[in-house]
Amino acid sequence: MAETDPAKPSDGPERDDFQARLAAARERRDGGRDTASAAAARNTGQLGLGFRVAVDLLAGVAVGTGMGLALDRWLGTSPWFLLVFLALGFAAGMMNMLRTVRAADAARRRIAGERGKRE
Amino acid sequence: MASPLEQFTIKPLVPLSLGKLDVSFTNSALMMAIAVAVIAGLLVFSVRSRDLVPGRLQSVAELGYEFIAGMVRENVGDEGRKYFPFVFSVFSFVLVGNLLGMLPGAFTFTSHIAVTFALALTIFVGITFIGIARHGTHFFSLFFPHGAPIAAAPILIPIEVISYLSRPVSLSVRLFANMTVGHIILKIFAGFVITLGSVKFFILPGVLPFGMLIGLTALEFFVAFLQAYIFTILSCIYLNDAIHLH
């Protein structure tokens, strides 16, 4: 099963991947700015991006919870600061996620744009 | 079958204590020392000949240099040039740590949150100091989104501060979780090969997980590179934020 039918055209995603790599290689050769974030978007794929986003949310909530607990312990106001900072931490996590996704999205669009220009 | 978590045990090799503090030289510390020795050895040894047309080792060193120099230039700009040695050290330390962990029986120090968090915290504190040194109190404008109404400040500033403080957490958790999960999966599949391969029938049932194991090993090498890359590029992006403030 190692060899594939030569008559069969290659799959869409594989082709796209190749085109992206080719564009990146040309970009590098031409001395243009192959942005590293664009490379990141190309390399990590959907699963990697999903994991990154999950960690972003988790980190925000974890820091918020930690700060809330610390403030409560210090001021003896349990559970009020925890409740407030849990919500703030969640919001911060959402903000982190949004930024990661936006950066990945912009990078992806930049790659697509560059590819469009060339063809 | 041995526990898949056994590979992460810290074993003191040379027991040392500083007062009540346990500062034993552990297997983790040994691997870090080896990583530093490998990096230093590779860089010093490979560029010794200073060939115009680089040999194999020399091109590895040059490739690494150019890769990180390009990354710093793209993400931080010309002001980032003087932080290149720092970024390069971080990248090579994490990368070699990840790759050394791929040697059979070796300890992966990047699979410990204590190590990755200490690394991320050093980067985070360092970058924060760089930002404050360059911009003074103006640095704190980072915590207020440009153009937002002043009335929103009581909510937005805590959120931005938490978001900023969560950077070292996400940076370290990402690296540690990827390395830990990868090595656990490798160990579990290796266990499958043994248990299925020793079933009465034949060794055939063991072939399937063995094939998977080969694929997973290749994937794990890729992850080792990718995570070192992500760790470094995020450090660059944070450095850029501190230098250019949005």
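Coordinate-derived values only; no laboratory data. All figures in this text were calculated on a predicted structure; none of them were measured in a lab. Don't worry about glycine lacking a Cβ; one is built from the backbone with ideal geometry, like all the others, and counts go over all protein chains shown.
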Report task. Below 30 Å Cα-Cα, how many Lys pairs turn up in the protein assembly as shown? Only count pairs eight or more apart in sequence, or on different chains, if you could. Result -> 4
Report summary line: Total charge of the residues flanking A:Arg109 in space, meaning their Cβ is under 12 Å from its Cβ, with Lys and Arg +1 and Asp and Glu -1, is +2
Query raised in the report: Put a dot 7 Å past each Cα toward the Cβ at B:Ala151 and A:Trp80; how far apart are the dots in nm?
Result: 2.5 nm
Report summary line: If A:Arg21, A:Arg52, A:Arg110, B:Arg174 are placed from fewest to most neighbouring beta carbons inside 10 Å, the sequence is A:Arg21, A:Arg110, A:Arg52, B:Arg174
Requested in this report: Work out, step by step, the length gained on full extension between B:Phe143 and B:Ala37: first 0.36 nm times the residue separation, then minus their alpha carbon distance; give nm to one decimal.
Outcome: 34.1 nm
Query - Degrees separating the helix B:56-76 axis from the principal Cα axis of chain B, which is the longest one - result: 40 degrees
Report summary line: Diffing segment B:33-39: the Karplus 3J(HN,Hα) column from phi (6.51, -1.76, 1.60, θ = phi - 60°), in whole Hz with x for Gly and Pro, holds 5, 4, 4, 5, 5, 5, 4
Requested in this report: Starting at the first residue of segment B:115-120, write each ³J(HN,Hα) from the Karplus equation 6.51 cos²θ - 1.76 cosθ + 1.60 with θ = phi - 60°, in whole Hz, x for Gly and Pro.
Outcome: 6, 5, 5, 4, 5, 5
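Rounded to a whole number of µm²/s, how large is the Stokes-Einstein D of segment B:196-239 at 10 °C and 1.306 mPa s, given Rh as the Kirkwood radius over C-alpha pairs?
Approximately 123 µm²/s, per Stokes-Einstein.
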Report task. Of all alpha-carbon pairs in chain B, indicate the percentage at a distance above 35 angstrom. Result -> 30 percent
Report task. Could you line up A:Val53, B:Val23 from fewest to most neighbouring Cβ atoms inside 10 Å? Result -> B:Val23, A:Val53
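For chain B, what's the relative contact order in percent, using C-alpha pairs closer than 8 Å and at least 6 residues apart?
Contact order relative to length: 24 percent.
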Query raised in the report: If amide H atoms are built 1.01 Å from N in the plane of the peptide, which residues on other chains or at least 5 residues away come under 5 Å of the amide H of B:Phe25?
Result: B:Leu13, B:Val14, B:Leu16
Report summary line: Least to most buried among B:Ile127, B:Ile34, by other C-beta atoms within 10 Å and fewest first, runs B:Ile34, B:Ile127
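Rounded to the nearest whole Å³, what is the per residue volume of the convex hull around the Cα atoms of the protein assembly as shown?
With only Cα atoms used, the protein assembly as shown gives 232 Å³ per residue.
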Report task. Add +1 for every Lys or Arg and -1 for every Asp or Glu among the other residues with Cβ under 15 Å from the Cβ of B:Ile184, and state the total. Result -> -1
Report task. Mind jotting down the distance between the C-alpha centroids of segment B:109-171 and segment B:204-246, whole Å? Result -> 24 Å
Query raised in the report: How much mean residue ellipticity at 222 nm does chain B get from its helices, if each DSSP H run of length 4 or more adds -39500 (n - 2.57) and you divide by all residues, to the nearest 500 deg cm²/dmol?
Result: -24000 deg cm²/dmol
Query raised in the report: From the phi of every residue in segment B:92-109, what ³J(HN,Hα) in whole Hz does the Karplus formula 6.51 cos²θ - 1.76 cosθ + 1.60 yield, where θ is phi - 60° and glycine or proline is x?
Result: 5, 5, 5, 4, 5, x, 4, 6, 4, x, 7, 5, x, x, 7, 8, 9, 6
